[in-house]
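Asker: Supplied in structure tokens, the structure appears directly below.
Values in this text are rule-based calculations from the coordinates and carry no lab data. Because the structure is a prediction, the values reported are computed rather than measured. A quick note on method: Cβ atoms are made from the backbone with ideal geometry, for glycine too, and the neighbour counts reach across all protein chains shown.
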Amino acid sequence: MDYDIADKSLADKGLRRIDWASGFMPVLKSIKEKYEKEKPLKDISIAACLHVTTETANLMRTLKAGGAKVTLCASGLLSI
């Protein structure tokens, strides 16, 4: 996997925050569960340049669960 992370020591904390936020996004969670089974985005590439938050991370996970090849680039002062 290709990625560029400024401080890898924060990865576990970030993953815990993403998982925690997922619990407050029931609609996206149900879409992800459906996408995991149906793979409606198979063979589609999606690129996004967004302010990276726990919410956008969960959106990207959902798109990936749907079969998409996802590339996310952080945008905005608070994302770096």
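Asker: Please go through the stretch 36-52 and give me each residue that is touching a Leu at 6+ places or on another chain (Cβ under 9 Å) and either within 17 Å of Gly14 (Cα to Cα) or of a type outside the set (Gly, Ala, Ser) (or both), ordered by number.
Answerer: Passing the criteria: Leu41, Ile44, Ile46, Cys49, Leu50, His51, Val52.
Asker: Taking the stretch 30-50, which residues are more than 13 Å from Thr71 (Cα to Cα) and under 12 Å from the mean Cα position of the chain (by Cα)?
Answerer: Lys32
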